[in-house]
Structures are given as structure tokens and as C-alpha cells.
1. Limited to the range 186-207, what total is found for residues that are touching a residue at least 40 places away in the same chain (Cβ under 8 Å) and assigned to a loop (DSSP other than H, G, I, E, B)?
2. Does ALA338 satisfy the criteria of being assigned by the TED database to the domain that holds GLU107 and without any contact (Cβ under 8 Å) to a residue 24 or more places away in the chain?
3. Condition first: more than 18 Å from GLU107 (Cβ to Cβ), in contact (Cβ under 8 Å) with a residue 24 or more places away in the chain and touching a strand residue (DSSP E or B) at 6+ places or on another chain (Cβ under 6 Å). Now tell me which residues in the range 34-57 satisfy that.
4. Check every one of the helices (runs of 4 or more DSSP H) wholly within the range 1-109 and list those with 2 or more residues that are farther than 30 Å from ILE144 by Cα and of a type in the set (A, V, I, L, M, F, W, C).
5. Determine whether LYS178 is under 30 Å from LEU108 (Cβ atoms), in the same structural domain as ASN306 (by the TED database) and modelled with pLDDT of 95 or more.
6. Name the residues in the range 174-185 that are among the polar types (S, T, N, Q) and in a helix (DSSP H, G or I), would you?
7. Please count how many residues of the range 160-182 are more than 30 Å from HIS283 (Cβ to Cβ) and surrounded by 16 or more Cβ atoms within 10 Å (Cβ to Cβ).
8. Is there any pair linking a residue in the range 213-225 that is touching a residue at least 12 places away in the same chain (Cβ under 8 Å) to one that is of a type outside the set (A, V, I, L, M) and open to solvent by less than 40 Å² (accessible area, probe 1.4 Å), with Cβ under 6 Å and at least six apart or on different chains, and which?
Amino acid sequence: MDMADFEPGSLPDLLPLYYRRVFPFGLYGRWLRYGDVSKNYFQRREFSFTLRDDIYVRYQSFNTPLELEKEIQKMCPYKIDIGAVYSHKPIQHNMVHLGAFQAQEKELVFDIDMTDYDDVRRCCSSAEICPKCWTLMTIAIRIIDRALVEDFGIKHRLWVYSGRRGVHCWVCDESVRKWSSSLRSAAVEYLSLVKGGEETIKKVTLPDNIHPFISESLNVVKRYFREYALVEQDILGSKESYEKVLALVPENILSREFTKKHDSVKRWELLTKALERHGKMAHTESEIMLQYCFPRLDMNVSKGINHLLKSPFSVHPKTGRISVPIDLKKLDEFDPFAVPTISRLCHELDTVSNDEGDAKENDGEPENSRRSRDYKKTSLAPYVKVFEQFLEEMEKSHKKERLKASGKEPQVRNVALPPKAAALAFSLPPP
């Protein structure tokens, strides 16, 4: 067996080594402290641990990142979740008067799960993924990230692979962390287009006047649609699959020539030409493309300030893969199957130790120095680098903002939607 293969039963043996020598606690603490923006900011952050046998421990909080590090190394959680920054230290929540313990801040987060696309992907279902359907996650990141930057004016986004079948986004701008639940709901509503459950056949209906956000999203979808939907997913290949597509067309407009063609690309060409001849169906082609490719967000994850989300660098207990940051500059190259497992990382550490005699080399060195070098010796290193670059850019931006504000009257922070996004959101016609 390949030493990098993961067996879920091996987690109790692997987690102590991972948390002691690989997990990037230094950078992790820097992130969640946010430069100590307000009093006891880190101390008021909730962490939750999922322990062996699904024991779930909520409302954990720590005075310092080092205290958090020691507790994680002691408890060896199977999963780490990050929650909100509360009015009081979460570990003291039972000592606070009822109603006084309130979630005050948290990153705006997005959760995109491949299972929500089961009605439009043919290659896999449920928790399964493959390179063919992973393109849906690439499209989702491109569409959402463009809107966050260009429509909302957001700067600091951390995109993270969940470790199994989806992606998460952490929006870390200071003003956005203060958004109310209603603002978060408005943002995710703005970014949502596919409506309806399993019983709904047509889930995308476009108005006569296409909103700029939808136009921009279509431009992204069009870059991937032919290769993804027609070639890899072959959505018009079988009778069962093409009938699902044709159910989105208001009336029968196809000639017998359609069934004589034997691949999705040629059938799609016939369908689009037929739609062009029927002027009343001007948006049908776009509606089909969007229904099959547009991001599907979990609104509940995004709108709740106190909602927990899996931490970056947590280990997925079923796949063993690490929840790693995604480099947006190399988005099309990201391969979830190449993401290191905890087994692989521990094996790499063993190999390095044997080859280089690390035991002698590390004698007398501080623990932080050893750990810093340890993750750099593994295949996790490039993903940690992405995280470090994200932090450096955010810290540089915060420093610039503080220098700009120094010596001036204190300004009321804008905690509403950025003007452009607010204007667009109110102008977006209902679906």
C-alpha cells in the first residue's frame, strides 16, 4: 500500500504528529487576531472541536493563540470549526445573563457543496467528486470572487478547499466582519440565481433586462460550458439527459435532425439555432447554461453570524485531506486529488527525518523554529505559502489604512453594503 493512502482508523495516531509538527499555528494566530483590532478580540472568538466518536465541544475560547495551540495538541480534534467573535468569552457563556451573550462579528463566509449540483452532473453523485465535475467549483469561485471584488468592493478573500467535495470562502475585510445578519442575507441573495428544490424543473428565469451581475457571470460560464457541459458531462448525450435539458425549453422547436446527431456538441448547435429562430426564447440558452453551471450557495451558512464553519488546515476525517487555501492565480490548475492527506504529510516527515537525521539537527532548537521548518519540508508548503501571502496583503492593507487615518478625526466605519453593490442589489429584478 502507498504510504500516502489514508485509512480513517489511523487518525488517532496521525493527528498528534500533524498538530505538533505541521499545522501552521503561527500564521493561524496572526490571521484570527487581526492585529488585535479591539479589546480581547481573539479571546472572544468561538472555536469548536469534533473529537473521536463524534464528541462535539462548542464554545471553546482562548486567551492567546499559544493557548489554543496547546489545547489543540492536547485534544487532537478530528475537526476544528471557527465561530463568531462574541460579546463575552464563549467559554464563559453559561455565566452571562440570558440574552447578554451575543455574536457580534464574524467573517462573511460562503459554503459551496458539490452535492447541491446532483441534479445537473452525470459523472458523480452525493459525496463523490471527480475532475469532470470539479469544474463547477472553479466556475463558482470565479463568479463569486469577481462579484465580491468588483461589485462589493471587497479586498480580502480566502478561498479554501473543504477537504472533500466543496469550497469555502472567508471574507475578512474589517467592515464586512461587522455586517448584520440582514446585510449578509442581502449579499448572498444578490449572489444567488438558481431557485427551487428537487421538484422544480426550471430553476433559472431571466428578466428581459439582464442585470450586469448576470451578464458577467454568463461570460464566465461561457468560457467553460462547451468543454465542461457538452464534452465532459455530455448533457445531451443520452435520451434521459437531453430530455432534462429540453424540459427547460418552453415548446418543441426541434426537428428530427436532433436525434440523428450523436454527440452533445452537435445537438447543442441545433438547439441554439432553433432558439435563435424563435425570438420569444431569447434568454433560454442562457437560462440552460446558468442552471447547469451557476454557483449554488448555502444561504444559512452565510447569513448567520454565529454559524460555525470548518477551519482552514483542518483534516477531513473521511478523506484525510487537509482543508487547504486555494491560489486564485492558479485556479484552473487546482486539483483536489493532489491535496496532501495527513498520511502523506506524516510519511514525508518520517522520510525527511530518516534522510537528514533531523533528530540531531533539531536538538536544542525552540519548538516554533522546528515546526516552521517541518511544514516547509512537506507537500503542504505551497498551500501554507498561499495563506501567508493572503495574510501579508491583508496586513499591508490594514497598515496603509491606519496610516491614512492617523491624525484625522475618527470616522464612522461603513458597515453597510458598499455603494455599488447596494445599488446593484436594489436594482436586481426578482427571479
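The values are calculated or read from the model by the stated rules, or taken from the named source; none is laboratory data. Predicted model, so just to flag it, every value in this text is computed and none were measured. Quick reminder, even Gly has a Cβ in these numbers, built from the backbone with ideal geometry, and neighbours come from all protein chains shown. Protein only, heavy atoms only, side chains kept; ligands, DNA and RNA dropped before computing areas. Shrake-Rupley method; radii C 1.70, N 1.55, O 1.52, S 1.80 Å.
1. Just the residues of the range 186-207 that are touching a residue at least 40 places away in the same chain (Cβ under 8 Å), to begin with: 186-195, 198, 201-207.
Filter again for assigned to a loop (DSSP other than H, G, I, E, B), leaving 191-195, 198, 201-207.
So the answer is 13.
2. Values: assigned by the TED database to the domain that holds GLU107: yes; without any contact (Cβ under 8 Å) to a residue 24 or more places away in the chain: yes.
It is true that ALA338 is assigned by the TED database to the domain that holds GLU107 and without any contact (Cβ under 8 Å) to a residue 24 or more places away in the chain.
3. PHE49, THR50 - these are the residues of the range 34-57 that are more than 18 Å from GLU107 (Cβ to Cβ), in contact (Cβ under 8 Å) with a residue 24 or more places away in the chain and touching a strand residue (DSSP E or B) at 6+ places or on another chain (Cβ under 6 Å).
4. On the way: elements: 11-21, 25-33, 65-75.
Filter on the range 1-109 gives 11-21, 65-75.
5. On the way: under 30 Å from LEU108 (Cβ atoms): yes; in the same structural domain as ASN306 (by the TED database): yes; modelled with pLDDT of 95 or more: yes.
Yes: the conditions hold for LYS178.
6. Taking the range 174-185 as the starting set, the residues that turn out to be among the polar types (S, T, N, Q) are 175, 180-182, 185.
Those that are among the polar types (S, T, N, Q) and in a helix (DSSP H, G or I): SER175, SER181, SER182, SER185.
7. Narrowing the range 160-182 to residues more than 30 Å from HIS283 (Cβ to Cβ): 160-165, 168, 170-182.
Applying the additional criterion that residues be surrounded by 16 or more Cβ atoms within 10 Å (Cβ to Cβ) yields 160-165, 168, 170-174, 176-179.
Number of matching residues: 16.
8. LEU218/SER286; VAL221/CYS293; TYR224/THR135
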